[in-house]
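J.: One structure, as structure tokens, below. Some questions next.
The values are calculated or read from the model by the stated rules, or taken from the named source; none is laboratory data. Treat the numbers as computed from the prediction; the structure is a model and nothing was measured. Counting neighbours? That spans all protein chains shown, and the Cβs are built from the backbone with ideal geometry, glycine included.
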2 protein chains.
Amino acid sequence: MKANTNFTKLPQSYLFSEVAARIRDHKESNPESEVIRMDIGDVTLPIARCVLDAMHKGIEEMASTVTFRGYGPEQGYAFLREAISEGDYKSRGLDISPDEIFISDGAKSDLGNLGDIYSPDSVVAVADPGYPVYVDTAVMGGRGGDLTESGRWNKIVYADSTPENGFVPRPPKEHADVVYLCSPNNPTGVVFDRETLKEWVEYARREKAVIVYDSAYEAFVDDPAVPRSIYEIPGAQEVAIEIRSFSKTAGFTGLRCGYTVVPKALKASGENGEEVSVNRLWNRRQSTKFNGASYPIQCGAAALYSPEGRAAIKENIDVYKSNARYIKKKLSEAGFETYGGEHSPYVWARHPEQTDSWALFAKLLKEAGISCTPGIGFGRAGGGYIRLTGFNTPEKTREAMDRLGKVDF
Amino acid sequence: MKANTNFTKLPQSYLFSEVAARIRDHKESNPESEVIRMDIGDVTLPIARCVLDAMHKGIEEMASTVTFRGYGPEQGYAFLREAISEGDYKSRGLDISPDEIFISDGAKSDLGNLGDIYSPDSVVAVADPGYPVYVDTAVMGGRGGDLTESGRWNKIVYADSTPENGFVPRPPKEHADVVYLCSPNNPTGVVFDRETLKEWVEYARREKAVIVYDSAYEAFVDDPAVPRSIYEIPGAQEVAIEIRSFSKTAGFTGLRCGYTVVPKALKASGENGEEVSVNRLWNRRQSTKFNGASYPIQCGAAALYSPEGRAAIKENIDVYKSNARYIKKKLSEAGFETYGGEHSPYVWARHPEQTDSWALFAKLLKEAGISCTPGIGFGRAGGGYIRLTGFNTPEKTREAMDRLGKVDF
């Protein structure tokens, strides 16, 4: 067979694998030191009892011919799509109906698979720094062009997040067909305010672009002035797909469930400029290449919309946010500039005396036994920064910050 | 955004949706008639107790911080990959190691997603009739060309299965880069013998093609002369990917788990003719666009490799095969030519007096209240045939065949 040579253009080593390898090396050379993981994007708190019970029940239905469930709808079960429509949208004044919601096995799958429905020559825009999957999947789909010396791909449009704009990227001058945005942002923890998000929606309307809005961390927002859904911006249903996940809010990283909203008002242009329903394109993609998320896991996700489920999510998020606030405070005290850490589990930081991401990573690992993620791994504009996460336990988070306080920067 | 216009080339209506719609219409016009579903490709027997117990245990691990599992390996957990390597390969004399096995959320996902790693201009070959996903995903990926009046795509190579070759397709004269084969076959129920499979492996070696070998029904084979894995053919590890599923053997259609074997010996050619490891290509695809199958479901799948799990699979399959044999016998008595139904849940049939698939479908629905799948839906060479499945209960299967016996053909 002939390989898709776009794959071979990608750097061999993936950011998170490189971080893991360096931590491993450090542990081998320093067997007595206990590394505290502040780099992890994975949750640590257990799954709520109401969710576990719902999954047990779903599994037990499989025990009898009468209640057995075989193939489910590729789009997900109505009970879950209805709970999401009501719980996450209609109750907040947003008109998203169940048939605009597609249940996934996680945000990462859909973020990548959406590439199937865009024209192969689409111009992709990303905020820099950003979650590496946006760029990597664009490259795999032949939309990256070539990697230049600057570390950027020549066909991709980058919207810089910098201290000058408070790490809130603005729409670029260049045209794009597909724009990936994330708020609360991974890795910076910064959120879009309503005004900036409006600018992006206007950009998309003007350029006839689609915004793929990754709001996997929306539940971390608790200020009504900060939008939790892009559909809070008028006209966004005509230009945006919204992607969410139960991973970071309810601990589903190992269970695998999320959802993607594709409004019926969203249209693409076809070969001769005719309107094509994006909801129908995505439905066809999912019907042909997916057989739905696991039934018992969907039962568990639906339980999150009960009062107990809601309370459990809030409890989890409060822990992670309290960790993030503590990290932010201690980093500031140690002389770091910090961003994020308010509506997000992520803190983004730079030390004025230490302006190389990997060098700072190495210093923290060596002198404090703390692992972080070097910002440069999220894009050129992340150079000099590091990302720390609030996903460890409160105890480990405090210990890590105590150690940090003793480092001489 | 600009749509991938290959999507809009696909016929609007998918075979199985059309069948469902016609059954619905029939029921509305004939509310007193009970339709017996002989078209279903979905299983009906419950999940084995040992599998349910393993999933409950996996779920309960999520209840405590100590045993909680977050992100798993994208490739699947080692415990399951090792069980498959030993249970399905090494114990049968086939050298497939755990790192050549990738756990999926089902065969359909991987059959479609594999398109990501082939060069966009690859020539695709399929056996006709065949599972519609092979052709539909080739078209979505821009490898179909245009739909011609004959109902075939002008860039796809078709290997006909006909009464003349006993519905065992032979390699085509034309070159192909990617070949989809399925044995035991869906829809015909026919299996490859060792000699014919050798011809295909030789074809692939000569043409530098990859064979995507869909063996989702291999557990239905009980004759040692019939290969259960393509790797039983010497040299196949250098040319074949094998796709399997727990859906039809253990009732996982609603749970979602399967696996894909990508041998390390399998090489693709890169931009300048250099060798590229297909195992690495697929690993990169899965690491970037997938986050692994659900942990508790993987626990359930691993339980299938216990003695109880093995026994449960055998018990299920015996029921479905006994149904299929009965269907085959009764169809023959009613004057049908039949194929399959021995190492397969599927029976493929044609009546000499009724040579239009959809007309035969309509006649059986109207006169006997039996639904089947029209063979033409699986490709041009399926014209005139129908597919019946052994997945209903033994009682319903008998009743359906009694009704069939009273129809005047």
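J.: Has region A:289-309 got any residue that is farther than 30 Å from B:Ile47 by Cα and without any contact (Cβ under 8 Å) to a residue 24 or more places away in the chain?
T.: So far as region A:289-309 goes, yes, one or more of its residues are farther than 30 Å from B:Ile47 by Cα and without any contact (Cβ under 8 Å) to a residue 24 or more places away in the chain.
J.: Okay, next question. Can you tell me which residues in region A:141-197 are among the acidic types (Asp, Glu), assigned to a loop (DSSP other than H, G, I, E, B) and either more than 19 Å from A:Ser215 (Cβ to Cβ) or in contact with a Gly (Cβ under 6 Å, 6 or more places away or on another chain) (or both)? Can you show your working first?
T.: In the first step, residues of region A:141-197 are kept if they are among the acidic types (Asp, Glu); the result is A:146, A:149, A:160, A:164, A:174, A:177, A:193, A:195.
If we keep only those that are assigned to a loop (DSSP other than H, G, I, E, B) as well, we get A:146, A:149, A:174, A:177, A:193.
Residues satisfying the conditions are A:Asp146, A:Glu149, A:Glu174, A:Asp177.
J.: Now for a different question. Which condition breaks for A:Thr148 when tested against (1) hydroxyl-bearing (Ser, Thr, Tyr); (2) touching a residue at least 60 places away in the same chain (Cβ under 8 Å); (3) more than 14 Å from chain B (Cβ to nearest Cβ)?
T.: Of (1) hydroxyl-bearing (Ser, Thr, Tyr); (2) touching a residue at least 60 places away in the same chain (Cβ under 8 Å); (3) more than 14 Å from chain B (Cβ to nearest Cβ), only one is false for A:Thr148: (2).
J.: For residues that are within 14 Å of chain B (Cβ to nearest Cβ) and either surrounded by 16 or more Cβ atoms within 10 Å (Cβ to Cβ) or not in a helix (DSSP H, G or I) (or both), tally how many sit in region A:20-64.
T.: Residues meeting the conditions: 23.
J.: Then there's this: Hey, among A:Gly309, A:Gly300, A:Gly292, A:Gly251, which residue is crowded, with 21+ Cβ neighbours inside 10 Å, within 17 Å of the chain's Cα centre (by Cα) and closer than 23 Å to B:Arg69 by Cα? Quick ask: steps written out before the conclusion?
T.: On the way: A:Gly309 fails: within 17 Å of the chain's Cα centre (by Cα); A:Gly300 fails: within 17 Å of the chain's Cα centre (by Cα); A:Gly292 fails: within 17 Å of the chain's Cα centre (by Cα).
So the residue among A:Gly309, A:Gly300, A:Gly292, A:Gly251 that is crowded, with 21+ Cβ neighbours inside 10 Å, within 17 Å of the chain's Cα centre (by Cα) and closer than 23 Å to B:Arg69 by Cα is A:Gly251.
J.: Please verify whether region B:360-369 includes one or more residues that are outside any helix (DSSP H, G or I), of a type outside the set (Lys, Arg) and surrounded by 23 or more Cβ atoms within 10 Å (Cβ to Cβ).
T.: No.
J.: Could you grab me the full set of residues in region B:274-321 that are within 30 Å of B:Gly115 (Cβ to Cβ), more than 8 Å from chain A (Cβ to nearest Cβ) and polar (S, T, N, Q)?
T.: Within region B:274-321, B:Ser277, B:Asn279, B:Asn283, B:Gln286, B:Gln298 qualify.
J.: Just give me the residues in region B:312-327 being closer than 15 Å to B:Lys396 by Cα and crowded, with 21+ Cβ neighbours inside 10 Å, in sequence order. Full working, then the answer.
T.: Residues of region B:312-327 that are closer than 15 Å to B:Lys396 by Cα, as a first pass: B:319-327.
B:Tyr320, B:Asn323, B:Ala324, B:Ile327 - these are the residues of region B:312-327 that are closer than 15 Å to B:Lys396 by Cα and crowded, with 21+ Cβ neighbours inside 10 Å.
J.: Being touching a helix residue (DSSP H, G or I) at 6+ places or on another chain (Cβ under 7 Å) and either basic (Lys, Arg) or part of a helix (DSSP H, G or I) (or both) is the requirement here; does B:Lys108 meet it?
T.: It is true that B:Lys108 is touching a helix residue (DSSP H, G or I) at 6+ places or on another chain (Cβ under 7 Å) and either basic (Lys, Arg) or part of a helix (DSSP H, G or I) (or both).
J.: Sticking with this one: Can you name every residue in region B:118-140 that is in contact with a Gly (Cβ under 8 Å, 6 or more places away or on another chain), facing another protein chain (nearest Cβ under 10 Å) and more than 21 Å from B:His175 (Cβ to Cβ)?
T.: Residues satisfying the conditions are B:Pro132, B:Val133, B:Met140.
J.: Go through region B:70-107 and give me each residue that's closer than 26 Å to A:Pro46 by Cβ, surrounded by fewer than 18 Cβ atoms within 10 Å (Cβ to Cβ) and either touching a Pro at 6+ places or on another chain (Cβ under 6 Å) or without any contact (Cβ under 8 Å) to a residue 40 or more places away in the chain (or both).
T.: B:Ala78 - this is the single residue of region B:70-107 that is closer than 26 Å to A:Pro46 by Cβ, surrounded by fewer than 18 Cβ atoms within 10 Å (Cβ to Cβ) and either touching a Pro at 6+ places or on another chain (Cβ under 6 Å) or without any contact (Cβ under 8 Å) to a residue 40 or more places away in the chain (or both).
J.: Of everything in region A:153-186, what is in contact (Cβ under 8 Å) with a residue 40 or more places away in the chain, surrounded by fewer than 20 Cβ atoms within 10 Å (Cβ to Cβ) and not acidic (Asp, Glu)? Give them in sequence order.
T.: Residues satisfying the conditions are A:Thr162, A:Pro163, A:Gly166, A:Pro172, A:His175.
J.: Could you check how many residues of region B:260-273 are of a type outside the set (A, V, I, L, M, F, W, C), at the interface with chain A (Cβ under 7 Å from one of its Cβ atoms) and in contact (Cβ under 8 Å) with a residue 40 or more places away in the chain?
T.: So the answer is 1.
J.: If I filter region A:142-169 down to residues being within 20 Å of the chain's Cα centre (by Cα) and not β-branched (Val, Ile, Thr), which single residue comes out as farthest from B:Asp116 (Cα to Cα)?
T.: Checked region A:142-169; the qualifying residue farthest from B:Asp116 (Cα to Cα) is A:Gly166.
J.: With respect to B:Glu86, is the statement that it is modelled with pLDDT of 95 or more and either over 23 Å from the mean Cα position of the chain (by Cα) or among the basic types (Lys, Arg) (or both) true?
T.: On the way: modelled with pLDDT of 95 or more: yes; either over 23 Å from the mean Cα position of the chain (by Cα) or among the basic types (Lys, Arg) (or both): no.
For B:Glu86, the condition - modelled with pLDDT of 95 or more and either over 23 Å from the mean Cα position of the chain (by Cα) or among the basic types (Lys, Arg) (or both) - is not met.
J.: Would you check if B:Lys9 is within 14 Å of another protein chain (Cβ to nearest Cβ), in contact with a strand residue (DSSP E or B) (Cβ under 8 Å, 6 or more places away or on another chain) and either surrounded by fewer than 19 Cβ atoms within 10 Å (Cβ to Cβ) or farther than 28 Å from B:Thr137 by Cα (or both)?
T.: On the way: within 14 Å of another protein chain (Cβ to nearest Cβ): yes; in contact with a strand residue (DSSP E or B) (Cβ under 8 Å, 6 or more places away or on another chain): yes; either surrounded by fewer than 19 Cβ atoms within 10 Å (Cβ to Cβ) or farther than 28 Å from B:Thr137 by Cα (or both): yes.
Yes; evaluated as a whole, the condition is true for this residue.
J.: Do you know which residues across region B:226-241 are within 19 Å of B:Ile103 (Cα to Cα) and over 17 Å from the mean Cα position of the chain (by Cα)?
T.: If the condition is that a residue be within 19 Å of B:Ile103 (Cα to Cα) and over 17 Å from the mean Cα position of the chain (by Cα), then B:Tyr231, B:Gln237 are the ones that fit.
J.: Is there a residue in region A:372-386 that is away from chain B (no Cβ under 14 Å), in contact (Cβ under 8 Å) with a residue 40 or more places away in the chain, outside any loop (DSSP other than H, G, I, E, B) and surrounded by fewer than 19 Cβ atoms within 10 Å (Cβ to Cβ)?
T.: Checking region A:372-386: at least one residue is away from chain B (no Cβ under 14 Å), in contact (Cβ under 8 Å) with a residue 40 or more places away in the chain, outside any loop (DSSP other than H, G, I, E, B) and surrounded by fewer than 19 Cβ atoms within 10 Å (Cβ to Cβ).
J.: Would you confirm, using the coordinates I've provided, whether B:Val276 is free of Cβ contacts under 8 Å to residues at least 24 places away in the same chain, among the hydrophobic types (A, V, I, L, M, F, W, C) and within 22 Å of B:Glu74 (Cα to Cα)? Step through it out loud before you land on a result.
T.: Numbers: free of Cβ contacts under 8 Å to residues at least 24 places away in the same chain: yes; among the hydrophobic types (A, V, I, L, M, F, W, C): yes; within 22 Å of B:Glu74 (Cα to Cα): yes.
Yes; evaluated as a whole, the condition is true for this residue.
J.: Mind counting the residues in region B:198-229 that are crowded, with 20+ Cβ neighbours inside 10 Å and in a loop (DSSP other than H, G, I, E, B)?
T.: Adding up the residues that qualify gives 8.
J.: Name the single residue, out of those in region B:241-259 being charged (D, E, K, R) and under 13 Å from B:Ala301 (Cβ atoms), that is farthest from the other protein chains (Cβ to nearest Cβ).
T.: B:Arg244
J.: Only residues that are over 13 Å from A:Met38 (Cα atoms) and touching a strand residue (DSSP E or B) at 6+ places or on another chain (Cβ under 6 Å): list them for region A:350-373, please.
T.: A:Arg350, A:Ser357, A:Trp358, A:Leu360
J.: Inspect all residues belonging to region A:178-190 and state whether any of them is within 10 Å of another protein chain (Cβ to nearest Cβ), out of contact with any strand residue (DSSP E or B) (no Cβ under 7 Å at 6 or more places or on another chain) and within 29 Å of B:Asp121 (Cβ to Cβ).
T.: No, that holds for no residue.
J.: Right, next: Does A:Thr67 count as β-branched (Val, Ile, Thr), within 14 Å of another protein chain (Cβ to nearest Cβ) and closer than 25 Å to A:Ala312 by Cα?
T.: Criteria not met by A:Thr67.
J.: Now, a different point. Does any residue of region B:275-289 turn out to be aromatic (Phe, Trp, Tyr), buried (at least 21 other Cβ atoms within 10 Å of the Cβ) and not in a helix (DSSP H, G or I)? Spell out how you get there, then give the answer.
T.: Quick first cut of region B:275-289, residues aromatic (Phe, Trp, Tyr) only: B:282.
Then drop every residue that is not buried (at least 21 other Cβ atoms within 10 Å of the Cβ), which leaves B:282.
Checking which are not in a helix (DSSP H, G or I) leaves us with none.
Within region B:275-289, none of the residues are aromatic (Phe, Trp, Tyr), buried (at least 21 other Cβ atoms within 10 Å of the Cβ) and not in a helix (DSSP H, G or I).
J.: So, A:Asp223, is that one more than 14 Å from the chain's Cα centre (by Cα) and within 17 Å of A:Pro132 (Cβ to Cβ) or not?
T.: no
J.: Related question: Quick check: anything in region A:75-84 under 20 Å from A:Pro263 (Cβ atoms) and within 10 Å of another protein chain (Cβ to nearest Cβ)?
T.: no
J.: Between a first residue in region A:314-328 that is of a type in the set (D, E, K, R) and a second residue that is part of a helix (DSSP H, G or I), which pairs have beta carbons less than 9 Å apart while being 6 or more apart in sequence or on different chains?
T.: Here the result reads A:Lys314/A:Ala219; A:Lys321/A:Phe220, each pair linking region A:314-328 to a residue that is part of a helix (DSSP H, G or I).
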